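The structure under discussion appears below in the form of structure tokens.
The values are calculated or read from the model by the stated rules, or taken from the named source; none is laboratory data. All values reported here derive from a predicted model rather than from experimental measurement. Here Cβ is always computed from backbone atoms with ideal geometry, including for glycine, and neighbour counts include all displayed protein chains.
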Amino acid sequence: MTLNEDWMPPSGDTPFSAGSIISYDLTEWKQDPLRAMPTLVFKPGPRQAISGFTATRNLLILTILDNVQSRAFVYKYHQGAWQATLIPLPDNASVGVAAASGQTDEAMFTVSSFFSPTMLWYFDAVTGRLETLKTTPPRFDPSRHVVEQFEAISRDGTRIPYFLLRPKSARFDGSTPTLLYGYGGFQIPLIPAYAGLTGRLWLEQGNAYVVANLRGGGEFGPLWHQTAQGATKQRTWDDFIAVAEDLIRRKITSPRRLGVVGGSQGGLLVGTAITQRTDLFNAAILRVPLFDMVRFTKLGAGASWISEYGDPSIPNQRKWLEAYSPYERLVPGKTYPAPFILTSTKDDRVHPAHGRKAAARLAALGQPYLYYENTDGGHSAAANLIEQARRIALEYTYLSQRLVDE
């Protein structure tokens, strides 16, 4: 079992912390589940979280995030306790269990990193055999870039990690065009993944790319998510702004060369960034964005997200939603970074009214913006590869015009 909150079992006096995995003896459980004694399998450290787990015939395989980087372990139950052995897969990568046999102790893993395309690894826990089976072809040349992990300090002092993919020849004078990506919601972690398209269309041009690991996501387990929900959702926006400020402080980039991108909840993230700190950015891409947080429950699937954001029909909750809702914060007298808004007529998750209203408000204010609404594609804003290619081409053309061109 996995725990999303601290829990005291009825059969004992020792609590288990949120993010842990526990096990029961099935025979004991069947006799009396309230008196069965749970056993700890895994307890996360302060910068760890469960990524996934599965069983083979005799073993348990866990993948965890350790400071947003993956590790895989074999767990064996022996004499009343679980013993862990590290599986020596590549470091600085994302690891997922692709398949596991219930008849043997064999498994296969997918392994990828920002610069390495996805690989399929085979593992036999009995013999210790570990080998690469297949690798997808590379899409770009990463030889002129380097990956670094830094931390920004958010408004309340929390350390916010982020990954920076930059040219090895970067001058640290604020001149590198940089694209900052984030999400920060619904306990979804942003982990290293192959930057194929971004590499070909952005990095190979000598630019930088950043992935921010914000509160509200799942990089450090349930509490990392829960600490930025409802009344405290502003922490997610503060974290994103802190990363942008840290990039500028390190002179990796400058407001003239810094852009932000995000989709869905990430589109809301970008909306809060450009309305709360218009001075930090010169480009912003809002993909299928949430934007009107006072009326979001009446649009599309919005009512299902009340636990994440709050309920605007309740006066005190409406107050905190109004405080950061990008639609409410588009006001006269400010200059916004000419955002590019993308949505889909057939988006049945985040209603296209959010993007349409953002564009209409900017037009009413006399502010520049770009707007693209695809008629197909649902929440992905593209129904096929041709439409996806067109959307991506539009995005990188916009970024080049705003951040690269003089």
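Listed here are the residues, each with its yes/no results for (1) surrounded by fewer than 19 Cβ atoms within 10 Å (Cβ to Cβ); (2) under 24 Å from the mean Cα position of the chain (by Cα); (3) within 30 Å of residue 256 (Cβ to Cβ); (4) touching a residue at least 12 places away in the same chain (Cβ under 8 Å).
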position	(1), (2), (3), (4)
304	yes, yes, no, no
322	yes, no, no, yes
335	yes, no, yes, yes
349	yes, yes, no, yes
355	no, yes, yes, yes
358	no, yes, yes, yes
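Taking each residue of segment 98-121 that is farther than 14 Å from residue 192 by Cα and looking for partners that are assigned to a strand (DSSP E or B) and of a type in the set (D, E, K, R) with beta-carbon atoms closer than 6 Å, six or more apart or interchain, yields 106/124; 120/134.
Please return the ranges of strands (runs of 3 or more DSSP E) entirely within segment 265-382 where 1 or more residues are farther than 20 Å from residue 235 by Cβ and of a type in the set (Lys, Arg).
On the way: elements: 283-287, 340-344, 370-374.
Correct list: 283-287.
Of the residues making up segment 360-371, those that are out of contact with any Leu (no Cβ under 7 Å at 6 or more places or on another chain) and either among the charged types (D, E, K, R) or farther than 20 Å from residue 258 by Cβ (or both) are 360, 363, 364, 366, 371. Taken residue by residue, segment 79-88 has no member that is closer than 27 Å to residue 214 by Cβ and touching a residue at least 40 places away in the same chain (Cβ under 8 Å). Do you know which of the residues in segment 391-406 that are more than 24 Å from the chain's Cα centre (by Cα) and among the charged types (D, E, K, R) is surrounded by the most Cβ atoms within 10 Å (Cβ to Cβ)? It comes out as 402. In this entry, residue 134 passes the filter for residues that are closer than 23 Å to residue 89 by Cβ, modelled with pLDDT of 95 or more and basic (Lys, Arg).
Here is a yes/no grid of residues against (1) modelled with pLDDT of 95 or more; (2) over 21 Å from residue 138 (Cβ atoms); (3) in a strand (DSSP E or B); (4) assigned by TED's automatic domain parsing to the domain that holds residue 110:
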residue: 179; (1), (2), (3), (4): yes, no, yes, no
residue: 183; (1), (2), (3), (4): yes, yes, no, no
residue: 187; (1), (2), (3), (4): yes, yes, no, no
residue: 190; (1), (2), (3), (4): yes, yes, no, no
residue: 194; (1), (2), (3), (4): yes, no, no, no
residue: 198; (1), (2), (3), (4): yes, no, no, no
residue: 209; (1), (2), (3), (4): yes, no, yes, no
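Being at negative phi and in contact with an Asp or Glu (Cβ under 7 Å, 6 or more places away or on another chain) holds for only one residue in 4, 58, and it is 58. Restricting segment 394-406 to residues that are in contact (Cβ under 8 Å) with a residue 60 or more places away in the chain and not aromatic (Phe, Trp, Tyr) leaves a set whose member that is farthest from residue 374 (Cα to Cα) is 404. Taking the stated definitions as given, is residue 242 part of a loop (DSSP other than H, G, I, E, B), under 16 Å from residue 184 (Cβ atoms) and not charged (D, E, K, R)? Judged against the criteria, residue 242 is not a match. Checking each residue in segment 251-266 for being touching a Phe, Trp or Tyr at 6+ places or on another chain (Cβ under 7 Å) and either among the aliphatic types (A, V, I, L, M) or in contact (Cβ under 8 Å) with a residue 60 or more places away in the chain (or both) picks out 251, 252, 258, 259, 260, 261, 262, 265, 266.
Quick check on residue 233: is it in the same structural domain as residue 173 (by TED's automatic domain parsing) and crowded, with 22+ Cβ neighbours inside 10 Å? Walk me through it before giving the result.
Values: in the same structural domain as residue 173 (by TED's automatic domain parsing): yes; crowded, with 22+ Cβ neighbours inside 10 Å: yes.
Judged against the criteria, residue 233 is a match.
Kindly evaluate residue 223 against the criterion of being hydrophobic (A, V, I, L, M, F, W, C), touching a strand residue (DSSP E or B) at 6+ places or on another chain (Cβ under 7 Å) and surrounded by fewer than 24 Cβ atoms within 10 Å (Cβ to Cβ). Full working, then the answer.
Details: hydrophobic (A, V, I, L, M, F, W, C): yes; touching a strand residue (DSSP E or B) at 6+ places or on another chain (Cβ under 7 Å): no; surrounded by fewer than 24 Cβ atoms within 10 Å (Cβ to Cβ): yes.
Spelling it out, it is not the case that residue 223 is hydrophobic (A, V, I, L, M, F, W, C), touching a strand residue (DSSP E or B) at 6+ places or on another chain (Cβ under 7 Å) and surrounded by fewer than 24 Cβ atoms within 10 Å (Cβ to Cβ).
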